Amino acid sequence: MTREFTTDRNDTIDYTAHARTDQQDKAGRGRHTEGYENLEPVFAELAALDPGDPRRPRLRAEILRECLPLAEHIARRFAGRGESFDDLHQVARVGLVLAVDRYEVARGSAFVAFAVPTVMGEVRRYFRDSTWSLRVPRRLKEIQQLIGPATERLSHRTGRMPTAREIAEELGLEVGAVTQALVAANAYRTKSIDAVTREDDSSFAPIAETVGADEPCYGLVEQAITVRPLLAELPKRDRQVLIMRYFETKTQTQIADRLGVSQMQVSRILSRTLRDLRARADGTRRAASRAA
């Protein structure tokens, strides 16, 4: 009799065929050579033992040893999704231990029918909780896992990539939730700024060299630091004219009326003062460069 367990929309595993392969590999090696379906009597024997019985650990270890290929098989079903097989295999074995410890033979169900969803649930939890580079709300992670199968179904049905609205209708969700989940998928894997990216057909450069730009305000800060002491050394009227023109945004005519001079005189004061400040600032920067 073939037992086929549907793991999710994309994963279907024939565990009887797998058990037959295991049987051939373990022929003559263990007491259960007919597949996972014959483990129930061993579980019954385990359940009948007292918690302190010294035979209990040995029997539990024997069951786990018999079922290790099941964990490996499930781990391989999740391989190729960005995580190393060794990590997935380890998580699947943890799920197998949980399945063995939680299985109740008195309920009458086959162990493999209980173990498969338990192990796969542990692997899925690992993908959901431990593999994201950035923290994303659990709800968005769950929606993101549904988007892939829904996109595949819609693509087969329409012959093109579906829109976010079509995916939302397929899943019975709001468009905003699907959009957020699609954006959140970018947080699954991050790239190092030291990673090399291709600029054109012939050159490669680290990502750090392709993002960002020089901050112009840094130059303004340096200029302000240079000019501040020079402004303090100006004659009072020249400094007053600069403040009214560039800090109070007054026109030359308004400045002339306030100082009681002509607009032409104000223009000359501004031109002379700015020319002198520029020359003195350039001299200060050259002196600082020579000292460095």
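The values are calculated or read from the model by the stated rules, or taken from the named source; none is laboratory data. Keep in mind that what you see is a predicted model, and the values were worked out from it rather than measured. Here Cβ is always computed from backbone atoms with ideal geometry, including for glycine, and neighbour counts include all displayed protein chains.
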In segment 102-113, residue surrounded by the most Cβ atoms within 10 Å (Cβ to Cβ) [restricted to those that are free of Cβ contacts under 8 Å to residues at least 40 places away in the same chain and either touching a helix residue (DSSP H, G or I) at 6+ places or on another chain (Cβ under 6 Å) or of a type in the set (D, E, K, R) (or both)]: Arg102
So which residues in segment 133-165 are of a type in the set (Ser, Thr, Tyr) and under 21 Å from Arg189 (Cβ atoms)? Ser133, Thr151
Let me spell it out: the conditions are (1) assigned by TED's automatic domain parsing to the domain that holds Glu142; (2) farther than 30 Å from Thr163 by Cα, and Ala187 meets all of them except one. Which number is the exception? (2)
Check Lys141 against each of (1) surrounded by fewer than 18 Cβ atoms within 10 Å (Cβ to Cβ); (2) in contact with a Lys or Arg (Cβ under 6 Å, 6 or more places away or on another chain) and name the one condition it does not meet. (1)
Out of (1) under 30 Å from Gly148 (Cβ atoms); (2) surrounded by 16 or more Cβ atoms within 10 Å (Cβ to Cβ), what's the single condition that is false for Arg81? (2)
Examine segment 146-153 for a residue that is without any contact (Cβ under 8 Å) to a residue 60 or more places away in the chain and part of a loop (DSSP other than H, G, I, E, B), and state whether such a residue exists. no
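A quick yes/no check of all residues on (1) touching a residue at least 60 places away in the same chain (Cβ under 8 Å); (2) among the β-branched types (Val, Ile, Thr); (3) closer than 30 Å to Leu146 by Cα:
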{"site": "Arg165", "(1), (2), (3)": "no, no, yes"}
{"site": "Val178", "(1), (2), (3)": "no, yes, yes"}
{"site": "Val196", "(1), (2), (3)": "no, yes, no"}
{"site": "Asp214", "(1), (2), (3)": "no, no, no"}
{"site": "Thr226", "(1), (2), (3)": "no, yes, no"}
{"site": "Leu231", "(1), (2), (3)": "no, no, no"}
{"site": "Asp238", "(1), (2), (3)": "no, no, no"}
{"site": "Tyr246", "(1), (2), (3)": "no, no, no"}
{"site": "Leu259", "(1), (2), (3)": "no, no, no"}
I need the helices (runs of 4 or more DSSP H) fully contained in segment 207-292, keeping only those with at least 1 residues that are outside the structural domain of Thr197 (by TED's automatic domain parsing) and of a type in the set (Gly, Ala, Ser). 216-232, 252-259, 263-291
Could you check segment 254-288 and list, in sequence order, the residues that are of a type in the set (Lys, Arg) and within 12 Å of Val241 (Cα to Cα)? Arg258, Arg268, Arg272
Right, Leu134: in a loop (DSSP other than H, G, I, E, B) and more than 20 Å from Arg77 (Cα to Cα) or not? yes
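Residue-wise test of (1) in the same structural domain as Arg65 (by TED's automatic domain parsing); (2) crowded, with 19+ Cβ neighbours inside 10 Å; (3) at pLDDT 90 or above.
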site	(1), (2), (3)
Ala75	yes, yes, yes
Gly95	yes, yes, yes
Leu98	yes, no, yes
Ala150	no, yes, yes
His156	no, no, yes
Glu166	no, no, yes
